[in-house]
Amino acid sequence: MFRRSAVAVTACAVLAATTTACSSGFDKNENGPEQDTGKGQSLRVLVAVSGDAETKAVKKATAAWEKKSGHKVTVQLAKDIDQQLAQAFAGNRPPDAFYVNSDQFANYAKGGSLYAYGEKVPDKEDFAPQLRKAFTHKGELVCLPKDFSTLGLVVNTEKWKEAGLSEKDYPDTWDELEKTAAKLTKGKTAGLVTTNEYQRLGVFMKQAGGWITDSSESKMTADSKENAEGLGFAKKLLRSGSMKYAKQVDTGWAGEALGKGRAAMIIEGNWLAGAMKQDFPDVDYKVLPLPEGPAGKGTLAFSNCWGVAKESTHQKAAVDLVRHLTSAKEQLASSDAIGVMPSRESVMDEFAKEHPESAGWAEGDAYAQSPVTVPGFTKVLDQFNSDLQSLSTGKPATILSTLQRNGEQALKKGD
Amino acid sequence: MSTSTGTPAPPSTAGRPGPSPRSRFASRGTRGREGLWGWLFVSPMVLGLGLFMALPIVMAAWVSLLNWDGQSNPFTPDADFVGLANYRSLLAEDGLARTLLATSLRNNTYYVLLTVPLQTALSLTLAIVVNQRMLRGRSMLRTTFYFPSVTSSIAVCTVFLFLFQGSGAVNQLLGYVGVKGPNWFADPRGVLWVLLEAAGVIDGEKPGGFLAEHRLMGLPWSEWLAGPSVAMCTLILLAVWTTSGTFMLIFLAALQNIPRELEEAAALDGAARRHVLRHVLLPALRPVMFLVTTLGLIATWQVFDQVYVLGQGDPANTTLTPAFLSYSYGFDNAEFGQGAAISFVLLAIVLLMTGVQRVLLRERGSRRPRRARGRQAQDTPEKGAVRAHD
């Protein structure tokens, strides 16, 4: 039938035309888009904040920069920053500057969405080396770490006294941790509460002398004896009932458990300070360094970085904004507001002086393990986290060998 | 009827029969013109469907053949074409992708197997109850039963999160009768093992031996056979509760289309109520039953929003579904090609299941006059249902 085929041809033509139209937004220049060099540029910034305090701190800092530079900044708060950024990159209209989560960093850097400005920053050496390492892709520092957090052991001082313990009983070793956790477990209160993720339980692996990858992140070292020992210790605590996951005590995260009195000790990082101030201002707590394992002390470092989009037309202004936001003064100000530590070594001492209560976290600066940033590793580590959920019934060695296998596959694919 | 389609309904112009279908050749000119008008009238819908359904499907099919990270143009010659590699890693190669797909298929199969029969049975029962002429307060009951379906599923999920907490309302109720409820949303144990453990057949640890060592698609048999996890059961409960109202409405409309005389005749012949149900009502409801199970099957295979709200696959991947896995591959892992491939595997499964179910529910035996009535009964509720479901 003539007409039917004509209709089909028309439909195909329309489809083809629309496909081309849809994809036209992607036409990229080799060296990125033409740059806007004028005055009064308008920048979009996307941030994923932990709460009102952080929103206020970011807005205040950007407002100060607006005044200084004469440009305009619109700060947008993300609901789900990974998804929003993925959509923005795919739609080719990313914000000019944004938070980059360390577990997504490698994916974005490999996809060529980030403008690598790090090498052009004159005082880049001032930033903590383990964080610079995390945000380096192919030997190039891509973006500046926004702040710095480590994990510590946080105790609820009231529960501590109730159990008849004193400051002398603060645990320094695994043995002591096990004993005090058992002593503190009473009724609805668990001795130690944390979440079922490697971002917390990994400290035991580190303290036993292991880690997921080697130091250059080119080889998996997950199935080592040390890692099995670390997870084995965590399993022992879980099975004895003196350690519980936050969900098992009906809380979303360990900080909530501490505030609600369901936990006597938790493993959490600097962000806890801001959250406790906001949600549980009346609960007294003390931050200690994590106890030593068989291979000494160990903790994990956390940070986001300030990404600048390759597709931004305001790269110069955006880098200037980021340098303002990561300046010593602004970082100290946000430390006061939300409790995170500065990512600059030069002001670490000042932070420690101003915030003696965070000494347990600040100490970790010296030996913290930087986060894993390998492209395609998100799902591998997600799988590891869900395996850790059933750590109390599973075998650490099996969980680790699965991680080893999955990780090796992702490393091979990532090349 | 005119309210059931939003755009100009094609049958009113194009479908109007001419003098007779056989006079087609004689009046080709007029008929052709009519066809043109027909196309004109349906064009908004065709354009809409083409632009927002057909085109994206074609584009997704292309993306599923690429190694695409979502940060470049997939429609240029530079795109990294990998052929069927994304499908191979899902179905043939031993690795994380296949294990995750197998896990999500396992979860979703149990979800479908429990949800579809339960929601069909419940909604049919509710429909028969509120179809009683003697029943007082019928309309109030109908509204009440329909209520869960009108509520936003996200809101219902959030309420369920609170109800099913370890120390939530459900466990407190269970506590009154002396049962210690599990921590519903944090419990990854399969119900089969939980029941066997309660019966004293196995002890606390995960089952080992033959079942743990042999694998299908990278997942041990002990995992395949574990049944839905405790967390998944709450999801099933939620789905049954929220959808039963909609399906009740469909059944109700069909029930009201069954002539009263049929039931009376059966009663005169001395049939008991259950016989009337078995031999009169159910056969008459067969087309609607097909509709309800098909809609249920498709919706349950694509379950996403509950999973997204209630834990994103947690605990221990036991609420992971293919739809959510596809999303997470795309947006969390920047592997959109792999994600698209998962959604096409899911499409194949839905098509296959619907086909199987069509064969199972097909009418057997000779044509009976009842069949014609069943067809009529099907007409109204079906359109209404499609809308209600959207």
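The values are calculated or read from the model by the stated rules, or taken from the named source; none is laboratory data. Keep in mind that what you see is a predicted model, and the values were worked out from it rather than measured. Using ideal geometry, Cβ is built from the backbone for each residue, glycine included, and neighbour counts are taken over all protein chains shown.
Would you mind finding the one in B:Ala121, B:Ala169 that is at pLDDT 90 or above and surrounded by fewer than 18 Cβ atoms within 10 Å (Cβ to Cβ)? Of B:Ala121, B:Ala169, the one residue that is at pLDDT 90 or above and surrounded by fewer than 18 Cβ atoms within 10 Å (Cβ to Cβ) is B:Ala121. On the stretch given as region A:346-359, residues that are surrounded by fewer than 21 Cβ atoms within 10 Å (Cβ to Cβ) and either in contact with a Ser or Thr (Cβ under 7 Å, 6 or more places away or on another chain) or under 25 Å from A:Glu292 (Cα atoms) (or both) total 8.
Scanning region A:366-385 for residues being crowded, with 19+ Cβ neighbours inside 10 Å and more than 10 Å from chain B (Cβ to nearest Cβ) gives a total of 9.
For every residue, the table says whether it meets (1) aromatic (Phe, Trp, Tyr); (2) not assigned by TED's automatic domain parsing to the domain that holds B:Phe344.
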position: B:Gly48; (1), (2): no, yes
position: B:Ala54; (1), (2): no, yes
position: B:Gln71; (1), (2): no, yes
position: B:Phe75; (1), (2): yes, yes
position: B:Ala79; (1), (2): no, yes
position: B:Leu101; (1), (2): no, no
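Restricting region B:145-162 to residues that are within 14 Å of chain A (Cβ to nearest Cβ) and touching a residue at least 12 places away in the same chain (Cβ under 8 Å) leaves a set whose member that is farthest from A:Thr393 (Cα to Cα) is B:Ile154.
Given the condition closer than 29 Å to B:Thr293 by Cα and either touching a residue at least 60 places away in the same chain (Cβ under 8 Å) or polar (S, T, N, Q) (or both), answer yes or no: does some residue in region B:186-200 qualify? Yes, the conditions are met somewhere in region B:186-200. Filter region A:168-218 down to residues that are of a type in the set (Gly, Ala, Ser), in a loop (DSSP other than H, G, I, E, B) and buried (at least 24 other Cβ atoms within 10 Å of the Cβ) and give me whichever is modelled with the lowest pLDDT. Going through the qualifying residues, I end up with A:Gly210. Could you please let me know if A:Gly38 is exposed (fewer than 14 other Cβ atoms within 10 Å of the Cβ) and part of a loop (DSSP other than H, G, I, E, B)? Judged against the criteria, A:Gly38 is a match. Out of contact with any Ser or Thr (no Cβ under 7 Å at 6 or more places or on another chain), basic (Lys, Arg), free of Cβ contacts under 8 Å to residues at least 60 places away in the same chain and part of a helix (DSSP H, G or I) - does that describe any residue in region A:308-320? There is no residue in region A:308-320 that is out of contact with any Ser or Thr (no Cβ under 7 Å at 6 or more places or on another chain), basic (Lys, Arg), free of Cβ contacts under 8 Å to residues at least 60 places away in the same chain and part of a helix (DSSP H, G or I). Which of the residues spanning region A:301-330 are of a type in the set (Asp, Glu) and within 12 Å of A:Ser69 (Cβ to Cβ)? A:Asp320 - this is the single residue of region A:301-330 that is of a type in the set (Asp, Glu) and within 12 Å of A:Ser69 (Cβ to Cβ). What are the residues in region A:232-274 that are more than 11 Å from chain B (Cβ to nearest Cβ) and either at positive phi or aromatic (Phe, Trp, Tyr) (or both), if any? Listed by number, the residues that qualify are A:Phe233, A:Gly241, A:Trp253, A:Gly261, A:Trp271.
Residue-by-condition table, conditions (1) free of Cβ contacts under 8 Å to residues at least 12 places away in the same chain; (2) of a type outside the set (S, T, N, Q); (3) touching a helix residue (DSSP H, G or I) at 6+ places or on another chain (Cβ under 6 Å):
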residue	(1), (2), (3)
A:Val47	no, yes, yes
A:Thr55	no, no, no
A:Ala61	no, yes, yes
A:Leu77	no, yes, no
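When B:Ser229 is tested against (1) within 30 Å of B:Met289 (Cα to Cα); (2) free of Cβ contacts under 8 Å to residues at least 40 places away in the same chain; (3) within 14 Å of chain A (Cβ to nearest Cβ), exactly one condition is not met: (2).
Among the conditions (1) closer than 14 Å to B:Ser104 by Cα; (2) small (Gly, Ala, Ser); (3) over 16 Å from the mean Cα position of the chain (by Cα), the only one that B:Ser343 does not satisfy is (3). Being under 27 Å from A:Ala97 (Cα atoms), away from every other protein chain (no Cβ under 14 Å), at pLDDT below 90 and surrounded by 17 or more Cβ atoms within 10 Å (Cβ to Cβ) is a description that does not apply to A:Glu311.
Considering region A:386-409, and only residues there that are surrounded by 21 or more Cβ atoms within 10 Å (Cβ to Cβ) and in contact with a strand residue (DSSP E or B) (Cβ under 8 Å, 6 or more places away or on another chain), the residue that is nearest to A:Lys244 (Cα to Cα) turns out to be A:Gln389. The single condition among (1) surrounded by 23 or more Cβ atoms within 10 Å (Cβ to Cβ); (2) within 13 Å of the chain's Cα centre (by Cα) that B:Pro315 does not meet is (2).
Taking first residues from region A:351-370 that are closer than 13 Å to A:Val340 by Cβ and partners that are hydrophobic (A, V, I, L, M, F, W, C) and part of a loop (DSSP other than H, G, I, E, B), the Cβ contacts under 7 Å between residues at least 6 apart in sequence or on separate chains come to A:Asp365/A:Ala128. Scanning region A:138-175 for residues that are among the charged types (D, E, K, R) and within 23 Å of A:Gly339 (Cα to Cα) gives A:Lys146, A:Asp147, A:Glu158. Counting only helices (runs of 4 or more DSSP H) wholly contained in region B:305-390, the ones carrying 3 or more residues that are modelled with pLDDT of 85 or more and within 14 Å of chain A (Cβ to nearest Cβ) occupy B:305-309, B:322-331, B:336-360.
Residues A:Ala116, A:Ala128, A:Ala97: which one is closer than 21 Å to A:Ser346 by Cα, more than 14 Å from chain B (Cβ to nearest Cβ) and not polar (S, T, N, Q)? So that I can check it myself, show each step before the final result.
On the way: A:Ala116 fails: closer than 21 Å to A:Ser346 by Cα; A:Ala97 fails: closer than 21 Å to A:Ser346 by Cα.
Among A:Ala116, A:Ala128, A:Ala97, only A:Ala128 is closer than 21 Å to A:Ser346 by Cα, more than 14 Å from chain B (Cβ to nearest Cβ) and not polar (S, T, N, Q).
Output yes when any residue across region A:399-413 is among the polar types (S, T, N, Q), farther than 18 Å from A:Gln104 by Cα and assigned to a loop (DSSP other than H, G, I, E, B), and no when none is. No, that holds for no residue. As a summary of the residue check, B:Asn67 satisfies the conditions (1) polar (S, T, N, Q); (2) free of Cβ contacts under 8 Å to residues at least 60 places away in the same chain; (3) facing chain A (nearest Cβ under 10 Å) except for the one numbered (2).
Matching residues to (1) aliphatic (A, V, I, L, M); (2) within 12 Å of chain A (Cβ to nearest Cβ); (3) exposed (fewer than 14 other Cβ atoms within 10 Å of the Cβ); (4) touching a Lys or Arg at 6+ places or on another chain (Cβ under 8 Å):
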site: B:Arg138; (1), (2), (3), (4): no, no, no, no
site: B:Leu141; (1), (2), (3), (4): yes, no, no, no
site: B:Phe164; (1), (2), (3), (4): no, yes, no, no
site: B:Ala198; (1), (2), (3), (4): yes, no, yes, no
site: B:Cys233; (1), (2), (3), (4): no, no, no, no
site: B:Ile236; (1), (2), (3), (4): yes, no, no, no
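Residues considered: B:Arg106, B:Arg136, B:Arg142. Of these, the only one that is farther than 18 Å from B:Leu237 by Cβ and under 19 Å from the mean Cα position of the chain (by Cα) is B:Arg106.
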